[in-house]
Amino acid sequence: MRFAKTSYVVAAAVVGMLAVGAQAADAPPNPKDLTMGKWQLNAAKSKFGCTEAPKVSIRNMFDAGFGMMVTEWTGTRADGKPFDTRYVWRYDGEKYPAGLGPNPANEKSESIAWKLVDAHHVTFIHYDQKDKVTQNLKRDVSADGNVMTQVTEYVGRNCSDVQVFERQ
């Protein structure tokens with residue numbers, strides 16, 4: 001009898017964890033920052049005027065706590081080569097590395113400064129290794145929270161890219 005009772009308790013715990021997991025998966029995005037979540041590029045709706053469209057581009061953005069945001073950006077470039085980039089930031093206007101990874105000790109890495117305008121809008125500025133602004137970017141999330149549009153304006157190049165992402 002003891003085995004049956006233990007099996008029942010284990011089964012109930014598994015069902016409970018599955019229910020909590022399902023509930024968490026369906027939870028709405030952070031209402032204070034709708035850019036958080038998992039997004040996939042819809043290349044057919046995007047317009048690339050400066051760069052080549054990637055074959056696949058997925059961004060998983062989340063709040064890691066302590067005011068620190070994280071992006072895991074993966075996909076396949078236009079030439080078929082995979083990419084995997086990670087970066088962290090806070091919405092404090094300070095500069096953060098444009099990507100995490102090894103950099104030569106005597107060379108300053110590229111950086112990005114972020115600003116949360118409101119729940120639907122984020123702006124950020126990309127700086128090169130010499131601290132020169134190279135891109136002005138903005139992300140806008142639709143009223144229903146399911147489409148995110150990122151516009152990248154390239155400084156001194158008179159062109160821009162418009163990427164349209166769909167929430168996954």
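Taking the criterion of being under 22 Å from G156 (Cα atoms) and within 16 Å of the chain's Cα centre (by Cα), no residue of the range 40-58 qualifies. The set of residues from the range 134-148 being touching a residue at least 12 places away in the same chain (Cβ under 8 Å), closer than 13 Å to E166 by Cα and either among the charged types (D, E, K, R) or crowded, with 19+ Cβ neighbours inside 10 Å (or both) comprises R139, D140, V141, M148. When H121 is tested against (1) farther than 19 Å from K47 by Cα; (2) of a type outside the set (S, T, N, Q); (3) at pLDDT 95 or above; (4) buried (at least 16 other Cβ atoms within 10 Å of the Cβ), exactly one condition is not met: (4).
Suppose the filter is buried (at least 16 other Cβ atoms within 10 Å of the Cβ), touching a Leu at 6+ places or on another chain (Cβ under 9 Å) and touching a residue at least 24 places away in the same chain (Cβ under 8 Å); does V88 pass it? The answer is no for V88. Residues in the range 66-92 that are at pLDDT 95 or above and more than 15 Å from the chain's Cα centre (by Cα): T76, R77, A78, D79, G80, K81, P82, D92.
Condition check: modelled with pLDDT of 95 or more and not aliphatic (A, V, I, L, M). Does S46 satisfy that? Taking the combined requirement at face value, the residue satisfies it.
The values are calculated or read from the model by the stated rules, or taken from the named source; none is laboratory data. Worth saying up front: this structure is predicted, and the values here are computed from it rather than measured. Heads up, the Cβs are rebuilt from the backbone with ideal geometry, glycines too, and the neighbour counts pull from every protein chain shown.
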